[in-house]
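The values are calculated or read from the model by the stated rules, or taken from the named source; none is laboratory data. Owing to the predicted nature of the structure, the values given are computational and were not obtained by experimental measurement. Cβ sites come from the backbone with ideal geometry, for glycine too, and all protein chains shown count toward neighbours. Heads up: the accessible areas ignore ligands, DNA and RNA and are worked out on the full protein's heavy atoms, side chains in. Shrake-Rupley method; radii C 1.70, N 1.55, O 1.52, S 1.80 Å.
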Amino acid sequence: AAGCSPRTVRTVMILLGSAKLVATAVILVGIDRWNRVPVLEKSLLATAACGAALAFASGPVVAIAIMILWRAVFQFGFGSLNFVLLGELFPAGVKGRLVALEIIPSSAWNFASSYMFSRALDAGFLAPLLIVQACVAVLGALVVRLFAVETRGRTPHEIRAVLRGAAAKEDAVAAPDVEMRERKPSDEKRPGAMLLEADGDRAAVT
């Protein structure tokens, strides 16, 4: 908004709010048809691309267009899906507390981001700050790809089973081997020993 008229600032704010509203409406329509992990990953990568593009944008019109797109792609991912994931990953008894805990770092990050942007704009180093935020978004996309669990169409019990799946599978494969190793040779009698015992019993009877 620096260097723009008040009317332009109002127009930009309306466009940013409209982009957020449209992105939220789209995610509400398709939330039951799209997997969460690809949406989050693409949203973060698009956010990183918009941040990097905004750092090197030339002219206010291009910068405003990138800002609107940035707001939309972020809302399309973590702007909306974080609350969906809280509801799908955790049981009902702890959802309220987790949402409250999620708001605390989110509000702190929003405050820090707004403060840093204002200071960077005054000091003239906005471009490096945007590059840093783009790198953070790329790192977030990598974390989502490597560690995020798909939750669409799964109950919390099924999601926990997926999280424990690798360890449970290894335990299931290793259990028969451990059982065989723990069994002593003396626990199984060979056929010859059984015949000798039977002959000894008959001789004792006679």
Sole exception among (1) out of contact with any Cys (no Cβ under 6 Å at 6 or more places or on another chain); (2) open to solvent by 40 Å² or more (accessible area, probe 1.4 Å) for residue 69, by number: (1)
If you scan the stretch 125-139, which residues turn out to be open to solvent by 70 Å² or more (accessible area, probe 1.4 Å), of a type outside the set (Val, Ile, Thr) and either farther than 15 Å from residue 54 by Cβ or part of a helix (DSSP H, G or I) (or both)? 128, 135, 139
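Just to be sure before I move on: is residue 57 at pLDDT below 85 and open to solvent by 20 Å² or more (accessible area, probe 1.4 Å) in the structure I sent?
yes
Would you mind stating whether residue 119 is open to solvent by 80 Å² or more (accessible area, probe 1.4 Å), closer than 30 Å to residue 159 by Cβ, without any contact (Cβ under 8 Å) to a residue 40 or more places away in the chain and of a type in the set (D, E, K, R)?
So residue 119 does not fit the description; no.
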Positions within the stretch 102-125 being over 21 Å from residue 44 (Cβ atoms) and of a type outside the set (Phe, Trp, Tyr), in sequence order: 104, 118, 119, 120, 121, 122, 123, 124
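From 9, 26, grab the single residue that is open to solvent by less than 90 Å² (accessible area, probe 1.4 Å) and in contact (Cβ under 8 Å) with a residue 40 or more places away in the chain.
Values: 9 fails: in contact (Cβ under 8 Å) with a residue 40 or more places away in the chain.
26 is the lone residue from the list that is open to solvent by less than 90 Å² (accessible area, probe 1.4 Å) and in contact (Cβ under 8 Å) with a residue 40 or more places away in the chain.
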Does at least one position in the stretch 91-112 carry a residue that is out of contact with any strand residue (DSSP E or B) (no Cβ under 7 Å at 6 or more places or on another chain), over 18 Å from residue 20 (Cα atoms), modelled with pLDDT of 75 or more and among the charged types (D, E, K, R)? yes
Any idea how many residues of the stretch 101-126 are among the aliphatic types (A, V, I, L, M) and within 19 Å of residue 71 (Cβ to Cβ)? 5
Looking only at the stretch 162-175, decide whether some residue is open to solvent by 90 Å² or more (accessible area, probe 1.4 Å) and at pLDDT 70 or above. yes
Could you tell me how many of the residues in the stretch 1-56 are closer than 28 Å to residue 128 by Cβ, within 25 Å of the chain's Cα centre (by Cα) and of a type in the set (Val, Ile, Thr)? 1
Take the residues of the stretch 72-90 that are within 22 Å of residue 29 (Cβ to Cβ) and open to solvent by 40 Å² or more (accessible area, probe 1.4 Å): which is modelled with the highest pLDDT? 74
Residue check for residue 142: outside any loop (DSSP other than H, G, I, E, B), open to solvent by 50 Å² or more (accessible area, probe 1.4 Å) and over 18 Å from residue 48 (Cα atoms): no
